[in-house]
Amino acid sequence: MASILITAGPTREYLDDVRFLSNASSGRMGCALARAALDAGHAVTLVVGPVEVEPPVGASVMPVVSALQMQAAAESVFENADIAIAAAAVSDWRPAERAAGKPPRAPGPTTLVLVPNPDIVAGLAAKKGRRVVVGFALESTSAGMPRAIARGREKLRKKDLDAVVVNLHDTIGSGDGEFVLCTRDGPDEALPRLGKEQAAARVVALATELWNKGRTS
């Protein structure tokens, strides 16, 4: 049995007490991964942003809001984890300053200064040792799958990941999707269009295969 960290859902980066930057991630894939890992007999900690889907019973759930909160929670859990699967859609930027209250609407254009959020999955991979870190690469449908795979493989190399799950952005909020699993040494594994539950089961199986291989090598 492995101890698996899974990140899921979006983050919210508040501009003030009411307004925020976010994205359309539903958290379905992350929750499906947690369910698949539990079904396979693993211990699961789910670090999850603001979602409406219900996390599976049996997972240890750590709710977060911002990217910085998700980073802190993920790094804490990863200290005692064997595998990390980063399915969260983390906001790339956050406001340089958060305004107090709800400032009134001002006439004319407004300038918003943003700063980059940390790359959570790269940070985990940098200190993984013999542990396994799996990332997701969500690409525009206009790019097409071949280009998306190339970008996913670049992410695999640059972030020192063990595997990357490539999918197109039409999977956001959907119950299914088209996925390609990329690993360091093996060929790309293209999954037919599947429900997220079925795809999640294969991703968890791949992650545990890589972990078991590392333990015996």
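The values are calculated or read from the model by the stated rules, or taken from the named source; none is laboratory data. Everything numeric in this text was worked out from a predicted model, so none of it was measured. Cβ placement follows ideal geometry from the backbone for every residue including glycine, while neighbour counts extend to all protein chains displayed.
What residue, of Arg94, Arg98, is surrounded by 15 or more Cβ atoms within 10 Å (Cβ to Cβ), more than 24 Å from Leu38 (Cβ to Cβ) and touching a residue at least 60 places away in the same chain (Cβ under 8 Å)? Answer to the selection: Arg94.
Residue count for region 1-44 under the criterion of being out of contact with any Lys or Arg (no Cβ under 9 Å at 6 or more places or on another chain), closer than 16 Å to Ala67 by Cα, assigned to a strand (DSSP E or B) and hydroxyl-bearing (Ser, Thr, Tyr): the result is 1.
Among residues of region 21-43 that are farther than 30 Å from Trp93 by Cα, those with a beta-carbon under 8 Å from a residue that is of a type outside the set (Val, Ile, Thr) and modelled with pLDDT under 95 at least six positions away or on a different chain give the pairs Ala36/Glu197; Gly41/Met1; His42/Met1; Ala43/Met1. Looking at the structure I just gave you, is Asp185 of a type in the set (D, E, K, R), part of a helix (DSSP H, G or I), more than 28 Å from Gln69 (Cβ to Cβ) and modelled with pLDDT under 95? So Asp185 does not fit the description; no.
For region 1-20, the set of residues classified as closer than 11 Å to Val90 by Cα and hydrophobic (A, V, I, L, M, F, W, C) consists of Ala8 only. The set of residues in region 35-53 being under 17 Å from the mean Cα position of the chain (by Cα) and charged (D, E, K, R) consists of Arg35, Glu52. Contact map, region 110-132: residues that are within 16 Å of Ala81 (Cβ to Cβ) paired with residues that are part of a loop (DSSP other than H, G, I, E, B) and β-branched (Val, Ile, Thr), Cβ distance under 8 Å, separation 6+ or inter-chain. Pairs shown: Ile120/Val90. Of the residues examined, Asp82 is not one that is farther than 19 Å from Arg131 by Cα and either in contact (Cβ under 8 Å) with a residue 24 or more places away in the chain or within 16 Å of the chain's Cα centre (by Cα) (or both). Taking region 41-60 as the range and being more than 19 Å from Leu21 (Cβ to Cβ) and buried (at least 16 other Cβ atoms within 10 Å of the Cβ) as the test, the residues that pass are His42, Ala43, Val44, Thr45, Leu46, Val47, Pro55, Pro56, Ala59. Which residues, counting only those in region 179-201, are surrounded by 20 or more Cβ atoms within 10 Å (Cβ to Cβ) and either free of Cβ contacts under 8 Å to residues at least 40 places away in the same chain or in contact with a strand residue (DSSP E or B) (Cβ under 7 Å, 6 or more places away or on another chain) (or both)? Selection gives Phe179, Val180, Leu181, Cys182, Lys196, Ala199.
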